[in-house]
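The values are calculated or read from the model by the stated rules, or taken from the named source; none is laboratory data. Given the structure is predicted, the values throughout are model-derived calculations rather than measurements. Ideal geometry is used to build each Cβ from the backbone, glycine not excepted, and the neighbour counts take in all protein chains shown. Quick note on the areas: whole protein, heavy atoms, side chains included, nothing else; ligands and nucleic acids left out. Shrake-Rupley method; radii C 1.70, N 1.55, O 1.52, S 1.80 Å.
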Amino acid sequence: MKSFLSLLATASILGTGALLTPASAQQTIKIGVPTSVQLQVGRDTQNAIKMAIEDINSKGGLVGRKLEMVAADETENPEQGIAAIKKLTADEKVDVLIGGYTSGVTLAQLPHISNAKTIYLGVGAASPAITAKVKTDYENYKYIFRVSPIHAGHQARALVDFINGKLKGEMGLKKVAIVGENAKWVQDLVPILKKGAVEGGTEVPMAEFFDTSTSDFSPLFAKVKSSGAQYLIVILSHASSDIFVKQWHDAQVPIPIGGIDVKSQDADFFTRVSGKALSETVGLFATRAPLTEKTIPFWDEFVKRFGTAPVYTGVGAYDAIYVYAEAVKRANSVEPNAVIKELEKTDYVGIAGKIQFDEVHDVKTGPGLQNLLFAQWQKDGARIVVWPKASETGKMIPPPWMN
């Protein structure tokens, strides 16, 4: 009898535990973070989310629950990216996903995000194809939103404005070469860029892709010189910016460079390449400037805590937490369908500008919204905004060997 009662008591305890486990699992709202954790974009994504979570938790959390972050390394590989999504949704059972970096990886993840019926707020990948699925198959892909950056098409149009407004309009440069890594987001961007430049009266004698594993850019630089281009637009994220810029500097290529160089957005890039980025102009989504009332306070706090300025994924991830939090508050729930309806109504002032979503859940661009700034590396690693004109903080300089 005693043995039976002991077994009954044990079963009762286990049963109670089984009943309590789901409840205790619901004590936190889990933020799943799929990102390339070894890169600056991944580190800044996690650090910015930590900042936002600590702030929200210090004020009592969200709908009576604290927030918790769980990260998974998606590297820059589609298979690893899929594994990261499965780990976060199936094993960790996160309530929302915030992260991403590589467009090819994110595109591979989409069906798995849809199957998991988990909201995904992208803060890294730029291909328009990511959110296009929201329009073609809303019921399956309504979970997908892009908080940051503005997509490659919008970036191309911003680059067109830089080419025709700054390079041609202000500096009188008539010929521009375009080179970019052979990646999905660049393939989306270059045709729009070339067409816009030509329609604006700028000649494009060369537009070419190079492999992301390229380690010797001298043949490419030789082709650019022979094309007669007066400026080189470069678009890369996964290829080695360090090698590209060092070789450009060391060869004293007589053509200034600028464009979208994601790793050159890193705060330590200038130091990392021993100052050889001097005069490179880089597209940025935010910098320490009064873009909104939140920009400088966030920037200074991030630098104070982590010892470096944030790259664009950190800015986007920080905003994504608050965009999600506001939607949850309005829905008074973390149930995906309820939150999605509120996310679609988002009108939130973030770090880089106001955040609103269009009909395919893509972040909008335009006056007061998120835009692309062009900042030039200058003396001692200072970053000077040179375009758009309304945001200019200094004058553009040529490479030192072209003075």
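Could you work out the percent of alpha carbon pairs in segment 294-375 separated by over 15 Å, rounded to a whole number?
In whole percent, the share of Cα-Cα pairs in segment 294-375 beyond 15 Å is 61.
What net charge is computed for the residues neighbouring Lys174, neighbours being all others with C-beta under 10 Å from the C-beta of Lys174, Lys and Arg scored +1, Asp and Glu -1?
Net charge in that neighbourhood comes out at +1.
Taking the solvent-accessible surface of protein heavy atoms with a 1.4 Å probe, what is the per residue accessible area of segment 43-151 in Å²?
Each residue of segment 43-151 exposes 37 Å² on average to a 1.4 Å probe.
Using 0.36 nm per residue of separation minus the Cα-Cα distance, give me the extension gain between Asn57 and Lys389 in nm, one decimal.
Answer, rounded to one decimal: 115.5 nm.
Report in % the part of the accessible area of the chain that belongs to carbon and sulfur, leaving out ligands and nucleic acids; probe 1.4 Å.
Of the solvent-accessible surface of the chain, carbon and sulfur hold 54 percent.
Could you state the per residue volume, in Å³, of the convex hull enclosing the Cα atoms of segment 200-313?
Taking the convex hull of the Cα positions in segment 200-313, it is 125 Å³ per residue.
What accessible area per residue comes out for segment 286-331, rounded to a whole number of Å², with a 1.4 Å probe?
40
How much FRET efficiency would the formula 1/(1 + (r/R0)^6) give for Asn115 and Asp358, where r is the Cβ-Cβ distance and R0 is 25 Å, rounded to 0.05?
0.50
Could you identify which residue out of Asp137, Asp347, Asp362 has the top mean-square fluctuation in a GNM of the chain using Cα springs shorter than 10 Å?
Of Asp137, Asp347, Asp362, the Gaussian network model singles out Asp137 as fluctuating most.
For Ala317, what is the net charge nearby, where nearby means another residue's Cβ is under 10 Å from its Cβ and Lys, Arg count +1, Asp, Glu -1?
Local charge sum for Ala317: -1.
Suppose the chain between Glu208 and Gln38 were pulled fully straight at 0.36 nm per residue; how much longer would it get relative to their current alpha carbon spacing?
Gain on extension, Glu208 to Gln38, equals 58.3 nm.
When ligands, DNA and RNA are left out and all protein chains stay put, how many square angstrom of accessible area per residue does segment 215-268 have with a 1.4 Å probe?
The answer is 32 Å² per residue.
What dipole magnitude, in Debye to the nearest 20, does segment 115-169 give about its Cα centre under +1 on Lys/Arg Cβ and -1 on Asp/Glu Cβ?
100
With labels modelled as points extended 7 Å from the Cα through the Cβ direction, what inter-label distance (nm, one decimal) is found for Lys225 paired with Val198?
Taking the simple label geometry, Lys225 and Val198 are separated by 2.7 nm.
Can you work out the FRET efficiency for the pair Lys379 and Arg305, with r the C-beta to C-beta distance and R0 = 30 Å, to the nearest 0.05?
Working from the Cβ atoms, E equals 0.65.
Aspartates and glutamates within cross-link reach of Lys133: Cα-Cα under 16 Å, excluding same-chain residues under 8 positions apart?
List returned: Asp188, Glu344, Asp358, Glu359, Asp362.
Quick one: grab Rg to one decimal and Dmax as a whole number for the chain, Cα atoms only, in Å.
Just the Cα atoms of the chain yield Rg and Dmax of 23.4, 97 Å.
How big is the dipole moment of the chain about its Cα centre under a simple scheme where the beta carbon of each Lys and Arg is +1, that of each Asp and Glu is -1, and everything else is neutral? Debye, nearest 20, please.
380
Tilt of helix 241-250 relative to the longest C-alpha principal axis of the chain, in degrees (0 to 90, nearest 10)?
20
Could you give the radius of gyration (one decimal) and Dmax (whole number) of the Cα atoms in segment 95-149, in Å?
In Å, with Rg to one decimal and Dmax whole: 9.8, 25.
Working only with C-alpha atoms, what are the Rg and Dmax values of segment 291-339, expressed in angstrom?
That works out to 13.7, 39 Å for Rg and Dmax.
State the answer as a single residue: which of Val147, Val105, Leu39 lies farthest towards the positive end of the charge dipole of the chain, with beta carbon charges of +1 for Lys and Arg and -1 for Asp and Glu, about the Cα centre.
Result: Val147, furthest along the dipole toward the positive end.
So for the chain: antiparallel DSSP bridges make up what percent, rounded to the nearest 5?
So the antiparallel bridges in the chain amount to around 25 percent.
Within 12 Å, Cβ to Cβ, of Glu392, how many net charges do the neighbouring residues add up to if Lys/Arg are +1 and Asp/Glu are -1?
After counting each charged neighbour, the total is +2.
Please report, in debye to the nearest 20, how large the charge dipole of segment 293-403 is about its Cα centre when each Lys and Arg carries +1 at its beta carbon and each Asp and Glu carries -1 there.
About 380 debye.
Lysine pairs in segment 178-334 with alpha-carbon atoms under 27 Å apart, 8 or more places apart or on different chains: how many are there?
27
Of Leu236, Thr308, Met206, which is farthest towards the positive pole of the chain's charge dipole, taken about the Cα centre with +1 and -1 on the beta-carbons of Lys, Arg and Asp, Glu respectively?
Among Leu236, Thr308, Met206, the one farthest towards the positive end of the dipole of the chain is Thr308.
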